[in-house]
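First the structure, in the form of structure tokens, and then the observations on it.
Read the figures in this text as sums done on the coordinates, not as results from a lab. Owing to the predicted nature of the structure, the values given are computational and were not obtained by experimental measurement. Every residue, glycine among them, receives a Cβ derived from its backbone with ideal geometry; neighbour counts consider all protein chains shown.
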Amino acid sequence: MKKTSLLLAGLAAAPASAGTLTITIPQLKVAEYHRPYVAAWIEPVGGGEARTLLSWYDVKKTGAEPGTKWLHDLRTWWRKGGRSLKQPADGITGATRAPGTHKIALPTNLKPGQYTLYVEAAREQGGREIISLPLNVAAPNGSVSGKTELGVVTLSR
């Protein structure tokens, strides 16, 4: 088999991307800025278990007051399944992000169907915000804009 054929065969075997989630964290002009804790999850439209896609928090903070102590400030995510998720969760946990645009690949093993994507952010000495967006696994497409703690959140193929 030629090298070109091997390369093409390898590309065909790679899993197709389920899409991309883009989260914008705005730069806020406040006296004391702390990076927000952020969680994103999906829920089937017809009901069912929530699936966490990401949890960003102060993973380096340990000791008497570890970073996980304030995860419950992401109240909706916490109630939907965050409290039962062992942190750090492999593949979804990460450090807080600086203001800017951050891209995350959607899992390739999502079952076809209709979901609702939720993104929640909470910031020390700041506010809390949650936004939602319909997600069709076959054609992830759409965007919504937050008002304070979150900027534009986009789903794309």
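Quote the relative contact order of region 36-156 in percent (integer), defining contacts as alpha-carbon pairs under 8 Å separated by 6+ residues. Relative contact order for region 36-156 comes out at 25 percent. For the listed peptides 142-153, 32-43, a ranking on the average number of other beta carbons within 10 Å per residue, highest first, reads 32-43, 142-153.
Under a model in which nothing but the beta-carbon of Lys, Arg (+1) and Asp, Glu (-1) is charged, the chain shows a dipole of about 340 debye around its Cα centre. Residue pairs exceeding 31 angstrom between C-alpha atoms, taken from LYS60/LYS103; LYS29/LYS111; LYS60/LYS111: LYS29/LYS111; LYS60/LYS111. If the chain linking THR20 and ASP90 were pulled fully straight, counting 0.36 nm for each residue of separation and taking away their Cα-Cα distance, it would gain 23.3 nm. The order of the peptides 64-75, 84-95, 119-130 by mean Cβ neighbours within 10 Å, most packed first, is 119-130, 64-75, 84-95.
Here the extension length gained between ARG97 and ASN141 equals 13.5 nm, from 0.36 nm per residue of separation less the Cα-Cα distance. Choose one of GLY100, SER156, PRO36: the residue whose Cα lies farthest towards the positive end of the charge dipole of region 36-156 (beta-carbon charges +1 Lys, Arg; -1 Asp, Glu; about the Cα centre). Value: PRO36. Rounded to two decimals, the Cα-based Rg/Rh of the chain, with Kirkwood Rh, is 1.04. Between VAL152 and ARG51, the modelled label-to-label distance comes to 2.7 nm, taking each label 7 Å out from Cα in the direction of the beta carbon.
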